1. In percent, what relative contact order does segment 1-94 have, based on Cα pairs under 8 Å that are 6 or more apart in sequence?
2. For segment 1-89, what % of the accessible area comes from carbon and sulfur atoms, probe 1.4 Å?
3. By per-residue mean of other Cβ atoms within 10 Å, what is the highest-first order of 107-113, 10-16?
4. Semi-axes of the equivalent ellipsoid of segment 12-58: what are they in whole Å, largest first, if each equals the square root of 5 times a C-alpha gyration tensor eigenvalue?
5. With 10 Å bins from zero, work out the P(r) of segment 68-112 over every alpha carbon pair and list the percent per bin.
6. Quick one: which residues, 5+ away or cross-chain, put their amide H under 5 Å from the amide H of residue 88? H built at 1.01 Å from N.
7. For segment 4-148, give the magnitude of the charge dipole about the Cα centre (Cβ charges: +1 Lys/Arg, -1 Asp/Glu; no others), in debye to the nearest 20.
8. Over segment 90-151, with the other protein chains present, what is the accessible area per residue in square angstrom, probe 1.4 angstrom?
Amino acid sequence: MGSKSYSARTLDANALKSFAHPLRLRIYELLDEHGPSTATRLAGLLDQNTGTTSYHLRELARHGMIEVVPGMGRGKEKYWRIPPGGYSYGDRPDDDPETVKAVDYLLDDLVRQRGAELARWRRMLGKAPQEWVEVSGFGRRSLRLTAEETARMQDEVYEVLERYRALSDARAGVAASAGPAGSGGAAVSGEPVETAATDGPAGEAGVEHVVVHFDVLPLGVAREE
């Protein structure tokens, strides 16, 4: 029994194995958080040389994880972005040890990233604008459900998230065509924003980068040793 994937693209085995790389995952995180950027800017943020970041950007692009932003950059300079739609790891394979290893690595990194994001927001609570503190939330519910009810709940939650993902993707498209927010076409800063945002993508006031965590963990079906 599987939940609907909606518009998310399911990564094939080759994409999974390519994506399961620490530097590529970090590059993807930076593009997700800060928007379009160049290999040179990413190299500075990651303490790498431009040749290294350029290579990994091309590898991510080869599997459709990122793309070049049309019309941005001067001369041969390229700005890279995450395309709309999102992705899914799909079902865990049983017949390909390399792909299983890649999926396990990606899932472990997902857990790491979630923890880092939650800890970062917890540290920033005292500095964030009150309106964003009020709309943020740490939520957990423990439910007694059947597998069918759990699948239905997931579909209903993802239907809501899909509406807002479409809104975000449309806004991101506008932002990419206009250049990084508040930068005049220059690469965006890699430092976390800890003060009130005056402009969102393409100068749209009040827009922020919002991360939504949604996990369904049927912990009762298996017992740890």
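1. Relative contact order here is 39 percent.
2. Here carbon and sulfur together make up 46 percent of the probe-accessible area.
3. Ranked from most to least packed, the peptides come out as 10-16, 107-113.
4. 19, 12, 8
5. 21, 29, 24, 22, 4
6. 9, 10, 11
7. That gives segment 4-148 a dipole magnitude of about 520 debye.
8. 80
The values are calculated or read from the model by the stated rules, or taken from the named source; none is laboratory data. In this text the structure is predicted, and so the values were computed from the model without any measurement. All Cβ positions, even for glycine, are placed from backbone atoms using ideal geometry, and neighbour counts span all protein chains on display. The accessibility values were calculated without ligands, DNA or RNA, using every heavy atom of the protein model including side chains. Shrake-Rupley method; radii C 1.70, N 1.55, O 1.52, S 1.80 Å.
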